Amino acid sequence: MKRHDCIQDRPILHLNHKTYKFLNHQLATLFIVSPILCISIYFFLSLRMNYWIYEFTSSFISVFLNLLFNLNAQVIIYPEHDIFPSIFIPNHPFEGSYAITINCIAGHIFSFIIGVILLVPSSKIGSSKKEFVWRKIKVLVISISGIFILNVFRIIFLLYFNFKGIPFEIIHESLFFLSAVIGAIFFAIVLEHWLPELFVSIYYLYRLISQKISKKR
Amino acid sequence: MSQDEIQCSKCGKLVQKDLTYCSQCGSLLTHTPTSSLAQPPTTPIKTKKKIPYKTITFFAVVAIVDLLVSFLFMNGFQLPVSSYGQLYLIFFFVTAFSIGLLWLAGSHASFSGGGGGGGGMEGCGYVIGAIIAIAIGAPLILASVLSTVATNIGDTISKAINQALEDIFTEMFADVEIPGFEPLLFLGLFAMLSIIILYRYHLKTKKNSLSN
């Protein structure tokens, strides 16, 4: 019985002076497993054992708030780990206490980034596995640290502008939109530069399907 | 006519260029060079089946077994189903599922049994697997259809499962916040940028850049 997914029989894509070849199970894993993995990582980040991530982020934010704007911000941590930690700013015109939830630490963005990067398929020709894994690690580290810093500064400016009197809803939505645009562009550039296999595999699938449709006609 | 097809000189139909014989009428295609060392065709010529005997046989067997089983159940057991027709329909799915599994296992068993001792073991495995699946699946199908008894059992089991899941959930998670539109905004922007990048690739590549 002939295997339909034999490497030798797969068509090769020539793009940007490089050659790429992907198997069916790699493409299926990217499109089917990655959403499940992203959702699983999101729930993993919500586990009580990962409470330290919220504590670390809150502490990081309060240190920079005090360093840059001298607001005497404090982190309130609940010992039972039932509630997310909060940042308290004294002499605040409004309430002054902000809970740092999973969406505040961009947990959904990190889930997407990690889930997608882990499942980017490697080309069967044109690059070695060791080099590909190293590129993946590089992209993972750069993306996570970049999005983390962007998010921390988003929250810093959010708390500062709210402290200065701008209503929370207005500044939250506008800063969120700005950071989403910057974050998406940053992630796309990092991927396109160091891990183009994500986009190439999607294009490869598109070319395979269009080739099969044109053959049937 | 595409570049991969040629016309048969006998029947006039379009066939694949790389074939030696016409797939429609079986005649030798004229483009192939005749030689004293001509090899017989490696791809067998498929004949079109007109009557699906296997499918008809399968459903005939299912109908007969269903008749017998429904008759036995109607006369031998107290059931919350009043008419023979209803029972026949209920058992139709059970019988079709069971016979289908056994048929499948049998065909796999006969295929792998030809390979010797190891193949025979594999064939046995298929049959045993089919029997286990029937033993689990048939009661499930019956229970889901004969709802009076199944409802009470189903309620009790589902309540127990929900309670257990709730307890596990509150133990493991501090607080799960369902994200609003925020991830969709990032995903939407990333998708838009991905489409731009993919379109750039499309403009850069030639039409025949996907080659074997």
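Give the residue, chosen from A:LEU13, A:LEU30, that is within 12 Å of chain B (Cβ to nearest Cβ) and modelled with pLDDT of 80 or more. Outline the logic, then answer.
On the way: A:LEU30 fails: within 12 Å of chain B (Cβ to nearest Cβ).
Just one listed residue meets the conditions, A:LEU13.
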Q) Is at least one residue of segment A:187-206 touching a Gly at 6+ places or on another chain (Cβ under 9 Å), part of a helix (DSSP H, G or I) and under 25 Å from A:PRO93 (Cα atoms)? A) no
Q. Is there a residue being among the small types (Gly, Ala, Ser) and closer than 30 Å to A:PRO196 by Cα anywhere in segment A:35-45?
A. yes
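The values are calculated or read from the model by the stated rules, or taken from the named source; none is laboratory data. This one's a predicted model, so the numbers in the text were calculated from it and none came from an experiment. Positions of Cβ are generated from backbone atoms using ideal geometry, with glycine treated the same way; all protein chains shown enter the neighbour counts.
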